[in-house]
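The structure's right below; bear with me while I get my questions together.
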Amino acid sequence: MSLARRVRRGVTYLLSRRTTRRFFLFRPDEDRKMEQLFWYCLAVAAAKHGVVVHAAIQLSNHLHLVATDVDGVLPDFLQDFHRMLACATKAHRGWPGEVLDKHQTSAVEPVTRTTLVEQLGYVVANGPLSGLVRYAHEWPGALTRVEDIGRRVVRVERPDEWFDDENEDWPDEAEVEIVMPEALVAEHGSADAAREAIAAAVRRLEREAWAEAKRLGKSFLGAERVVRVPITRRGTKWELFGARNPTFAAGGDGEAAREAVARLRAFREAYHDALTRWRAGERDVVFPYGTWWMRVHHAARCEPPPPS
């Protein structure tokens with residue numbers, strides 16, 4: 001049985017999802033159609049579920065998103081966003097099978113502000129880190145640049161593929177604001193200072209990507225060649241079977257990591273105890289705050305959120 005998912009209000013995540021078997025189904029198009037599909041699906045899903053977007057990138061075979069789940073509805077947001085994106089991609093590509101990998105979306109919570117800066121930098125710099133373009137801003141597909149964070153509103157027309165123009169759930173135009181996390185403004189004193197911290201992380205990650213390419217004797221593919229790669233090509237960078245799928249990141253802060261581990265363990269222990277009692281027929285048992293499946297699908301009682 002999988003571990004209980006903890007879903008709480010106001011949590012920021014680094015969210016990642018791959019295409020099936022790492023096919024290049026999300027590869028950018030010269031006419032920018034795939035970029036349009038991505039931003040429209042994200043804008044519609046984020047508006048529907050009150051999710052605040054801080055940074056996003058769609059690589060050829062995976063996507064990354066840093067966002068805040070204001071209302072504690074992350075599973076619903078991901079379900080709608082990924083379903084729309086998968087269906088629209090199938091229609092756009094004429095793809096006969098599934099689009100997204102069947103594994104659960106990776107959702108990593110940054111438990112320190114330094115980690116949040118690193119995650120934002122990681123998203124922006126994922127083009128160089130994937131060996132695709134030398135500089136982050138050169139990625140030819142959907143991308144948040146450092147200067148976009150806290151400044152850009154992405155406005156996109158409804159794509160021609162798959163979306164029904166008579167369905168009121170899919171407006172003629174959708175928009176999504178790229179918001180600077182308030183925690184970083186508080187940490188650095190201003191949005192400009194926070195952007196500079198993120199930019200510094202991007203520059204460091206670019207240098208690391210260059211050093212790795214040099215070590216391996218490889219060159220960057222480049223934006224012009226990226227858009228010509230067949231969508232039937234597959235990524236070749238694999239992870240070890242059984243590798244950890246983290247739920248939080250502390251960026252080397254041992255104390256913050258220990259506190260996060262303690263909170264997660266306490267939640268899982270309380271959840272396991274409540275579930276055991278539920279299965280024994282005790283329907284008035286109270287599950288811990290953050291319980292998702294039992295609350296949404298079985299109307300189980302849950303603790304209220306703690307005071308802010």
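Can you tell me which condition H49 does not meet? The list is (1) in contact with a Lys or Arg (Cβ under 8 Å, 6 or more places away or on another chain); (2) closer than 19 Å to P171 by Cβ, and all the others hold.
(1)
Any residue at all in region 157-173 that's under 29 Å from P246 (Cβ atoms), open to solvent by 20 Å² or more (accessible area, probe 1.4 Å) and of a type outside the set (S, T, N, Q)?
First, the residues of region 157-173 that are under 29 Å from P246 (Cβ atoms): none.
Checked region 157-173: no residue is under 29 Å from P246 (Cβ atoms), open to solvent by 20 Å² or more (accessible area, probe 1.4 Å) and of a type outside the set (S, T, N, Q).
Do the conditions hold for R215, that is, is it open to solvent by 100 Å² or more (accessible area, probe 1.4 Å) and in a helix (DSSP H, G or I)?
Yes.
Residue by residue, here is whether (1) more than 16 Å from V229 (Cα to Cα); (2) at pLDDT 95 or above; (3) of a type in the set (D, E, K, R) holds:
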residue	(1), (2), (3)
Y13	yes, yes, no
S16	yes, yes, no
F23	no, yes, no
L37	yes, yes, no
A67	yes, yes, no
D80	yes, yes, yes
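Of all residues in region 65-79, which are open to solvent by 10 Å² or more (accessible area, probe 1.4 Å) and either free of Cβ contacts under 8 Å to residues at least 12 places away in the same chain or more than 15 Å from A45 (Cβ to Cβ) (or both)?
Within region 65-79, Q79 is the sole residue that qualifies.
When you go through (1) modelled with pLDDT under 95; (2) touching a helix residue (DSSP H, G or I) at 6+ places or on another chain (Cβ under 8 Å) one by one for A46, which number turns out not to apply?
The failed condition is (1).
What are the pairs with Cβ atoms under 8 angstrom where one residue, in region 33-50, is more than 10 Å from V154 (Cβ to Cβ) and assigned to a helix (DSSP H, G or I) and the other, located anywhere, is at pLDDT 95 or above and among the hydroxyl-bearing types (S, T, Y)? Sequence gap at least six, or different chains.
Close Cβ pairs satisfying both conditions: M34/T89; L37/T89.
Kindly indicate which of A260, A256, A266 is touching a strand residue (DSSP E or B) at 6+ places or on another chain (Cβ under 7 Å) and in a helix (DSSP H, G or I).
Residue meeting the stated conditions: A260.
Name the single residue that is modelled with the lowest pLDDT among those in region 1-11 being of a type outside the set (V, I, T) and part of a loop (DSSP other than H, G, I, E, B).
Only one residue fits best here, namely M1.
So in region 226-244, with the set limited to residues that are open to solvent by less than 100 Å² (accessible area, probe 1.4 Å) and of a type outside the set (G, A, S), which one is modelled with the lowest pLDDT?
Per the criteria, the residue is R234.
On the given criteria, is H82 in contact (Cβ under 8 Å) with a residue 40 or more places away in the chain, open to solvent by 30 Å² or more (accessible area, probe 1.4 Å) and not in a loop (DSSP other than H, G, I, E, B)?
Values: in contact (Cβ under 8 Å) with a residue 40 or more places away in the chain: yes; open to solvent by 30 Å² or more (accessible area, probe 1.4 Å): no; not in a loop (DSSP other than H, G, I, E, B): yes.
No.
Does at least one position in region 183-205 carry a residue that is within 23 Å of the chain's Cα centre (by Cα), open to solvent by 20 Å² or more (accessible area, probe 1.4 Å), in contact (Cβ under 8 Å) with a residue 40 or more places away in the chain and farther than 24 Å from D148 by Cα?
So far as region 183-205 goes, no, none of its residues is within 23 Å of the chain's Cα centre (by Cα), open to solvent by 20 Å² or more (accessible area, probe 1.4 Å), in contact (Cβ under 8 Å) with a residue 40 or more places away in the chain and farther than 24 Å from D148 by Cα.
If you don't mind, there's one more thing I want to ask. Would you please name the residue that is modelled with the lowest pLDDT, looking only at residues in region 245-256 that are of a type outside the set (S, T, Y) and closer than 20 Å to Y122 by Cα?
We begin by selecting, within region 245-256, every residue of a type outside the set (S, T, Y); these are 245-246, 248-256.
Of the ones still in play, those that are also closer than 20 Å to Y122 by Cα are 245-246, 248-253.
Details: N245: 70, P246: 78, F248: 83, A249: 85, A250: 83, G251: 81, G252: 81, D253: 82.
Once the filter is applied, the top-ranked residue is N245.
Residue by residue through region 120-147, note down the ones that are in a helix (DSSP H, G or I), in contact with a helix residue (DSSP H, G or I) (Cβ under 9 Å, 6 or more places away or on another chain) and either in contact (Cβ under 8 Å) with a residue 40 or more places away in the chain or within 21 Å of L25 (Cβ to Cβ) (or both). If you could, list the steps in order and put the result at the bottom.
From region 120-147, those in a helix (DSSP H, G or I) are 120-124, 126-129, 136-138, 146-147; that's our starting set.
Those left that are additionally in contact with a helix residue (DSSP H, G or I) (Cβ under 9 Å, 6 or more places away or on another chain): 120-122, 124, 126-129, 136-138, 146-147.
Across region 120-147, the qualifying residues are L120, G121, Y122, V124, N126, G127, P128, L129, A136, E138, V146, E147.
For region 3-58, which positions are among the polar types (S, T, N, Q) and either closer than 14 Å to A142 by Cβ or open to solvent by less than 20 Å² (accessible area, probe 1.4 Å) (or both)? Explain how you work it out, then say what you get.
Within region 3-58, the first condition is being among the polar types (S, T, N, Q), and the residues that meet it are 12, 16, 19-20, 36, 58.
Correct list: T19, T20, Q36, Q58.
Separate question: If I filter region 89-119 down to residues being in contact with a strand residue (DSSP E or B) (Cβ under 8 Å, 6 or more places away or on another chain) and either in a helix (DSSP H, G or I) or among the β-branched types (V, I, T) (or both), which single residue comes out as most open to solvent (accessible area, probe 1.4 Å)?
Checked region 89-119; the qualifying residue most open to solvent (accessible area, probe 1.4 Å) is E118.
If you don't mind, another one. Within region 107-142, which residues are under 14 Å from the mean Cα position of the chain (by Cα), small (G, A, S) and under 18 Å from P181 (Cβ atoms)?
A107, G121
The values are calculated or read from the model by the stated rules, or taken from the named source; none is laboratory data. These numbers come from a predicted model, not from an experiment. So basically every Cβ, Gly included, is an ideal-geometry build from the backbone, and we count neighbours across all protein chains shown. Remember, those area values only see protein heavy atoms, side chains included, never the ligands or the DNA or RNA. Shrake-Rupley method; radii C 1.70, N 1.55, O 1.52, S 1.80 Å.
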